[in-house]
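The values are calculated or read from the model by the stated rules, or taken from the named source; none is laboratory data. Owing to the predicted nature of the structure, the values given are computational and were not obtained by experimental measurement. FYI the Cβ positions are ideal-geometry reconstructions off the backbone, even for glycines, and counts take in every protein chain you see. With ligands, DNA and RNA removed, areas are computed over all heavy atoms of the protein, side chains included. Shrake-Rupley method; radii C 1.70, N 1.55, O 1.52, S 1.80 Å.
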Amino acid sequence: MSWPKNPTIYEINTWVWLQELSEQNQCQLTLNTVSAEEWDRLASLGADAVWLMGVWERSPAGTQISRTLPVLLAEYERALPDYSLEDVVGSPYCIHRYVVDRHLGGPGGLAVARDNLARRGLRLLLDYVPNHVAPDHPWILEHSEYFIQGNNEHLSLHPSEFFETGGHVLACGRDPYFPPWTDTAQLNVFNPQLRRAAASTLCGIARQCDGVRCDMAMLLINRIFERTWGLRAGTLPAAEYWQAVISEVRLQFPEFLFIAETYWDLEWELQQQGFDYCYDKRLYDRLIHDSADSVRLLLLADLAYQGRLVRFIENHDEPRASQTFAPAQLLTAAVTVATLPGARLFHDGQFEGYRVKLPVQLGRRPVEPVEHQLQSFYSRLLEVVRSPALREGEWALCERSGWPDNTTHSNLVAWSWHHSEECFLVVVNLSNSSAQGRVHLPWNALAGRTWHLTDLFSGEVYLRSGNELRDPGLYVGLEPWGFHFLRFES
């Protein structure tokens, strides 16, 4: 199934989702026994793809570690005060094997799930963790050469960074800016045999789904990996890891989608190495912390680059959006990420207004009240962004202007979509103050007609002269964190 332009992706914590469905149905459900009504519910959300996060076999050794680390135990207590050790099912990013966990239904269950999604027009995304595997992964004993090696001195001096198994001292997986992940073993991505094994693993995944979200993808860039591991990594390869691996997979699966979880402003570089989409963490951070001008500066980037970003205000790694954003700010941030070019990512529980960020090691989440008004808002938002104009149309950032005695227009950011006869304008006020200004539209056929502007959320209708829209522009006044989502009709 080919991917649409500007797809909407819905992330589900698979273990937690099945746990809740099992409690509702008073019997243990797996991916192959989920009801047709539940698949219909997912399809009704309006997404193009479902990301079933965490389907792969979790490591028994990693699970045991995750049940003992004090820092993790404190997180569990915060998120789920009544948790027990049975709720600690291990990290989905500490992978024992790339085989669907039996608890979730195994490979057969995933095949049934994929078929149910496909029959409803939904694609399936899964995870790939390129940087590390679990300490009991079969490669540990079968292919120790795939890993960053240490020695007894390393083990003695840095016991939290290395571990011994099968007569070998191996490094724990890590990000260079944080302590090692002690439940993982670090792969050596400079090793050519490992690269071939990684491509083979990804081809196996590609037979089971339509795309992958690649965990911490920037760690595999040659210069970053060399800076992290130095001489222990060996000779710097001529080719980048992702270029080599993605090109190999695309020989067999040309439409398979690659999404990079990436940080450190490396989105463009990973796009050049073969990724279809990369996380837009900069937009997320600026919506929380920075000014409207800083957001607008990001949106001046080349459209070919922007169209390959994943826009979000929540995922399993970030705090819940309802906890992060004030209520009015939340709605405007959601409209922003849903109406920009690129992929749009939403997270299970985001629509309901859940506030507890769940550690990925837990298989159960707390019961939280549903914010029905927010749920209705998201339902409307996903409905309107399925318009052909916001999927296939031409996007443009709009200029805005103010007056010498009123410069609040700088708090407004505006953009338009145009496709055939469909025209939309989104204006957001990214500030705690009221803002007024003129928005200058990029469409040539405005003059000489009267235009009906319908706000798709408030329902208000405005009549405006096309001549005025051309010059001096559309007057907009918005309350703090307000927005307009306008459809233009002649």
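When the chain is described by a simple charge dipole with +1 on each Lys and Arg Cβ and -1 on each Asp and Glu Cβ, the residue from 91, 366, 333 located farthest towards its positive end is 333.
Taken about its Cα centre, region 95-178 carries a charge dipole of roughly 740 debye when the Cβ of each Lys and Arg holds +1 and the Cβ of each Asp and Glu holds -1.
For the chain, the residue among 389, 151, 198 whose Cα projects farthest onto the positive side of the dipole built from Cβ charges is 389. Counting only DSSP H runs of at least 4 residues, each contributing -39500 (n - 2.57), and dividing by the residue count of the chain, the helix-based mean residue ellipticity at 222 nm comes to -9000 deg cm²/dmol. Could you work out how far helix 106-118 tilts from the main Cα principal axis of the chain, as a 0 to 90 degree angle to the nearest 10? Tilt of helix 106-118: around 10 degrees. Axis of helix 14-25 versus longest Cα principal axis of the chain: the two differ by about 80°, to the nearest ten degrees.
Report the FRET efficiency, 1/(1 + (r/R0)^6), for residue 115 and residue 224, where r is their Cβ-Cβ distance and R0 is 41 Å, rounded to 0.05. So, using R0 = 41 Å, E works out to roughly 0.60. The residues packed around residue 475, meaning those with a beta-carbon under 11 Å from its beta-carbon, carry a net charge of +2 if Lys and Arg are +1 and Asp and Glu are -1. Segment residue 79..residue 450, full-extension length gain: 128.1 nm, with 0.36 nm per residue of separation and the alpha-carbon distance subtracted.
A simple spin-label model places the labels of residue 178 and residue 5 3.6 nm from each other, with each point 7 Å out along Cα-to-Cβ.
The label-point distance for residue 236 and residue 160, in a model that sets each label 7 Å from Cα toward Cβ, rounds to 3.1 nm. The trypsin sites (Lys or Arg not before Pro) found in region 417-490 that occupy coil by DSSP, while having at most 15 further C-beta atoms within 10 Å, are 449. Computed over protein heavy atoms with a 1.4 Å probe, the carbon and sulfur contribution to the accessible area of the chain reaches 51%. With R₀ fixed at 35 Å, the C-beta to C-beta distance from residue 153 to residue 197 puts the FRET efficiency at about 0.75.
Per residue, region 97-224 exposes an accessible area of 38 Å² to a 1.4 Å probe, with every protein chain left in place. What do you get for the angle between helix 70-79 and the principal long axis of the chain? Use alpha-carbon atoms, 0 to 90 degrees, nearest ten. Rounded to the nearest ten degrees, it is 40. The Cα atoms of the chain cover 80, 55, 43 Å along the three principal axes, with the biggest extent listed first. Dipole check for region 446-490: with +1 at the C-beta of Lys and Arg, -1 at the C-beta of Asp and Glu, and the Cα centre as origin, the magnitude is about 180 Debye.
Within the chain, DSSP assigns beta bridges of which about 65% are antiparallel (rounded to the nearest 5).
Rounded to the nearest 20, the Cβ-based charge dipole of the chain about its Cα centre (Lys and Arg +1, Asp and Glu -1) stands at 620 debye. Ordering 138, 126, 116 by the projection of their Cα atoms onto the charge dipole of region 93-161, which places +1 on the Cβ of Lys and Arg and -1 on the Cβ of Asp and Glu, puts 116 at the extreme positive end.
For the chain, the relative contact order is 13 percent, taking Cα pairs closer than 8 Å that sit 6 or more residues apart in sequence and dividing their mean separation by the residue count.
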